[in-house]
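Notes follow once the structure below has been shown.
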Amino acid sequence: MKKEGSIFSGFRANAGKSVQHAEVTPGVASCLLCCIRETYGSIIHMNVRYFETQGGAWWFGGGIDLTPHYIIPEEVLEFHQQLKAVCDGFHPDFYPSFSAWADRYFFLPHRNELRGVGGIFFDRLNETTGLDKKTCLNFTLAVGRAFLPLYLPLLHRHKNDPYTREHSRWQSLRRGRYTEFNLIWDKGTKFGLETDGRTESILMSLPPTAQWTYDVRPEPGSPEAQTQYWLMHPDSQLQLRGMAPEAAPSVTQD
C-alpha cells in the first residue's frame, strides 16, 4: 500500500495570473492514495483542498473515487450509497452533481473508458452555492473523514483473497490505465508541477507497478471482460449504483 500526504504550495507568477481575482494565491491540499497488493482490491484516491486569494475570493475542492481492478457490483453500490449519505447531509444536489462530475473528470478519452467506478468530484465550492464558508468547510471535512469508513471494509474484505498469475497480469494492465490518466489527463498533476509543489509527492499518485500489452482483449464471459464492459459503458455503471440509465451524465472532459 502506498500513501501520499499533504502538499503545501504557492503559485508561480504565471500560474497565479490564471486564477480569477488573484496575482498570488496561497493554498493547502491533502491527498491520499492507496494501491494495494490484492488483485480483487481497489485503488482509492481522496483529496481535499482550499484556496484563498489576496483579493478575498475563496473556494474548496476535492473528492473521492474508487478504481477496482475487478468491478464487484455490490461494492460499487455500497461505495456510492455511503458517498450519497455524506453529500445529502449538506445539499440534495451535491451527490448527483458531484458524481456526474467525477464521471466526466475520471475519463480516458483516448481509451473511451472510465478510469474506475467514479465517486464524487467538486471544485470552486464557495458562497455561490448558497452555502456559507463554514458549511462548505464542514462538507469538505466530512468528505475527508469518510475515507476510512469507505475504504477499510473493502480493504479487509479482500486482504486474504487467493489470486493467480492471470489476476496479477490484469491488475497490472488496469494500473497502466490509471497511470495513463494521471500523466496525460489529470489537471491536479499538471497544477502541482506548475505551482512548485513537491514533485515526489505529486508523482506518488502513480501505481508502484504497471503493464502495457498490445490490443488486450479479455476472454468473453470472463470477470476481466465484464469489468472492461462496465468501464466502457457508463450507463451500465449507473445501474450498478442504483441510478436510472436515463440519468446518465455526459462523459466529456471538463
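Laboratory data are not the source of any read-out in this text; all were calculated from the coordinates shown. Just so you know, these numbers come straight off a predicted model, no measurement behind them. Positions of Cβ are generated from backbone atoms using ideal geometry, with glycine treated the same way; all protein chains shown enter the neighbour counts.
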Problem set entry | Of TRP230, TRP212, TRP101, the one that fluctuates the most in a GNM where the chain has Cα springs shorter than 10 Å | TRP212
Exercise. Per-residue HN-Hα couplings for region 59-71, Karplus 6.51 cos²θ - 1.76 cosθ + 1.60 at θ = phi - 60°, whole Hz, x for Gly and Pro?
Worked result: 6, 10, x, x, x, 9, 9, 10, 10, x, 6, 10, 7
For this session: Could you please report the charge total around VAL216, scoring K, R as +1 and D, E as -1 over all other residues with beta-carbon less than 14 angstrom from its beta-carbon?
Result: 0
For this session: Pick out, in residue order, every one of the GluC sites (Glu not before Pro) in region 22-108 that is DSSP loop and has at most 15 other C-beta atoms within 10 Å; say none if there are none.
Result: GLU23
Exercise. Between ASP93 and ASN126, 0.36 nm times their residue separation minus their Cα-Cα distance comes to what?
Worked result: 10.4 nm
Exercise. What is the local net charge at LEU83, summed over the other residues whose Cβ is closer than 11 Å to its Cβ (Lys, Arg +1; Asp, Glu -1)?
Worked result: -1
For this session: Quote to one decimal, in nm, the extra length available between GLN82 and ALA57 on full extension: 0.36 nm per residue of separation minus the C-alpha distance between them.
Result: 5.9 nm
Problem set entry | Unit charges on C-beta of K, R, D, E only; dipole of the chain, Debye | 580 debye
Problem set entry | FRET efficiency, 1/(1 + (r/R0)^6) with R0 35 Å, evaluated for TYR163 and ASN112 via beta carbons | 0.80
Exercise. Residues of region 26-48 with amide nitrogen under 17 Å from the 7 Å Cα-to-Cβ point of LEU141?
Worked result: 28-30, 48
